[in-house]
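Engineer: Sharing a structure with you now.
No lab work stands behind these numbers, since they all come straight from the coordinates. Predicted, not measured: the structure shown is a model, and the values here were computed from it. Reconstructed Cβ throughout: ideal geometry from the backbone, glycine too, with neighbour counts over all protein chains shown.
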């Protein structure tokens, strides 16, 4: 029995800030917690999007791969899909769509997921290049990323919303990844405009926050001097 | 099968700040997530300590009650006990003991629970009085509390430690409740000195954060103007 009111998160955004990029969970284990999700690979290796149980990785060369159960992740959010239709939208920007979603009900104080399926007049994504240098940080690694732009493209955008209270553990507000219908392009979503799309929503009442306690580097790190909120605002 | 690496939390400290004191979980339901824990009652009605599956409530008149399954809570932390002995200590203050615990290993980046069982040269606790006034806040309700002091007393202190990243959702650092061996005195711990006690620890790798999404007042509240960190620092 899968619980569809639980958002499972492995790792935190905060641990990426000082460069704790080691992959601390296997994709196979992550998928026991959900069939839908987003994440990144060891060393910030690309942008992950899990749809219907299939984990797609967009690497910094723009190629879309399906990764196997041994693929390692330092950070990911997954859940068991049970979306409910929310609305159909036409000709809206990303900002307007996010505002529209929050106007549909009192969702802002809990975690939820949204899918936006349809056609986009414009979609801009990015994918970070793998970086396991000992001195790498989220800010330095994010400098080596590729951006991709597609016009009039069909696909699925998956966005997780986290209450502002949990910014740092997660991304406060919306955090979206995208994949085209033909699986040729995707990544971490930077900007988009919807042409026409169906929006569906799934509310959670529980965040299951899993920490990589078996990683000695994570356990020994002194986070007190990391500017977690500042770096996240800049990088995400 | 109970998972002993999960800390289950219902509600957040942040929701208490603006006075969202409605009881949103039955004790009977809470106890399915653990046999050990701390919390408060509806309206901040006293201080709860759950030991070996028995939920004790210290009310503001200093009386210790055992509450039933219908007792309602706005906020609680529980887990299934599987403590491991850490050390025996003599003649230490609360501050020194907390520092000693953190020196035993790299625990500071994850959630853990500690029990301190033994005799205390001095123990100071408090219990807040129930307050369901519509305009009550954590700060105003906390003004109506009683303090209790006991010298040379035997009992059990249960403390939860949360990483600073989760301050606001939980109490960053240590948060302890106490009950004497004869169940005559207890509450939220303000200060203590250990005479001699056994310290045991249980590390978690998961925070299961449950939110009261069926409470319309919680879902509709605008937290953006609440000084969550400031009020928590003062009240806790």
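Engineer: May I ask you to verify whether residue B:23 is touching a strand residue (DSSP E or B) at 6+ places or on another chain (Cβ under 6 Å), free of Cβ contacts under 8 Å to residues at least 60 places away in the same chain and more than 30 Å from residue A:213 (Cα to Cα)? Write out each step before concluding.
Structural biologist: Working: touching a strand residue (DSSP E or B) at 6+ places or on another chain (Cβ under 6 Å): yes; free of Cβ contacts under 8 Å to residues at least 60 places away in the same chain: yes; more than 30 Å from residue A:213 (Cα to Cα): yes.
Considered against the rule, which asks whether it is touching a strand residue (DSSP E or B) at 6+ places or on another chain (Cβ under 6 Å), free of Cβ contacts under 8 Å to residues at least 60 places away in the same chain and more than 30 Å from residue A:213 (Cα to Cα), residue B:23 comes out as yes.
Engineer: State yes or no: is residue B:191 within 17 Å of the chain's Cα centre (by Cα) and within 14 Å of chain A (Cβ to nearest Cβ)? Talk me through it step by step, then tell me what you get.
Structural biologist: Working: within 17 Å of the chain's Cα centre (by Cα): yes; within 14 Å of chain A (Cβ to nearest Cβ): no.
Considered against the rule, which asks whether it is within 17 Å of the chain's Cα centre (by Cα) and within 14 Å of chain A (Cβ to nearest Cβ), residue B:191 comes out as no.
Engineer: Take residue A:86 and decide whether it is out of contact with any helix residue (DSSP H, G or I) (no Cβ under 8 Å at 6 or more places or on another chain), in contact (Cβ under 8 Å) with a residue 40 or more places away in the chain and closer than 25 Å to residue A:124 by Cβ. Quick ask: steps written out before the conclusion?
Structural biologist: Details: out of contact with any helix residue (DSSP H, G or I) (no Cβ under 8 Å at 6 or more places or on another chain): no; in contact (Cβ under 8 Å) with a residue 40 or more places away in the chain: yes; closer than 25 Å to residue A:124 by Cβ: yes.
When the stated conditions are applied, residue A:86 does not pass them.
Engineer: Follow-up. So which of B:174, B:148 ends up being in contact (Cβ under 8 Å) with a residue 60 or more places away in the chain, more than 14 Å from chain A (Cβ to nearest Cβ) and within 12 Å of the chain's Cα centre (by Cα)? Show your work before the answer.
Structural biologist: Values: B:148 fails: within 12 Å of the chain's Cα centre (by Cα).
Every option except B:174 fails the conditions.
Engineer: Identify, by number, the condition in (1) surrounded by 22 or more Cβ atoms within 10 Å (Cβ to Cβ); (2) touching a strand residue (DSSP E or B) at 6+ places or on another chain (Cβ under 9 Å); (3) within 14 Å of chain B (Cβ to nearest Cβ); (4) in contact (Cβ under 8 Å) with a residue 60 or more places away in the chain that residue A:168 doesn't meet.
Structural biologist: Only one criterion in (1) surrounded by 22 or more Cβ atoms within 10 Å (Cβ to Cβ); (2) touching a strand residue (DSSP E or B) at 6+ places or on another chain (Cβ under 9 Å); (3) within 14 Å of chain B (Cβ to nearest Cβ); (4) in contact (Cβ under 8 Å) with a residue 60 or more places away in the chain is unmet by residue A:168, namely (2).
Engineer: When you scan the stretch B:1-111 for helices (runs of 4 or more DSSP H) that lie fully inside it, which ones turn up with 2 or more residues that are away from every other protein chain (no Cβ under 14 Å), under 18 Å from the mean Cα position of the chain (by Cα) and surrounded by fewer than 23 Cβ atoms within 10 Å (Cβ to Cβ)? Walk me through how you get there before you give the answer.
Structural biologist: Working: elements: B:13-16, B:27-30, B:94-103.
Where helices (runs of 4 or more DSSP H) fall fully within the stretch B:1-111 and carry at least 2 residues being away from every other protein chain (no Cβ under 14 Å), under 18 Å from the mean Cα position of the chain (by Cα) and surrounded by fewer than 23 Cβ atoms within 10 Å (Cβ to Cβ), they are B:27-30, B:94-103.
Engineer: Among the candidates B:227, B:182, B:198, single out the residue that is more than 11 Å from chain A (Cβ to nearest Cβ) and in contact with a strand residue (DSSP E or B) (Cβ under 6 Å, 6 or more places away or on another chain).
Structural biologist: On the way: B:227 fails: in contact with a strand residue (DSSP E or B) (Cβ under 6 Å, 6 or more places away or on another chain); B:182 fails: in contact with a strand residue (DSSP E or B) (Cβ under 6 Å, 6 or more places away or on another chain).
After ruling out the rest, the residue left standing is B:198.
Engineer: Now a separate question. Regarding the stretch B:207-215, can at least one residue be identified that is away from chain A (no Cβ under 14 Å) and either more than 16 Å from residue B:98 (Cβ to Cβ) or in contact (Cβ under 8 Å) with a residue 40 or more places away in the chain (or both)? Step through it out loud before you land on a result.
Structural biologist: First, pick out the residues of the stretch B:207-215 that are away from chain A (no Cβ under 14 Å): none.
No, there is no match, as no residue in the stretch B:207-215 is away from chain A (no Cβ under 14 Å) and either more than 16 Å from residue B:98 (Cβ to Cβ) or in contact (Cβ under 8 Å) with a residue 40 or more places away in the chain (or both).
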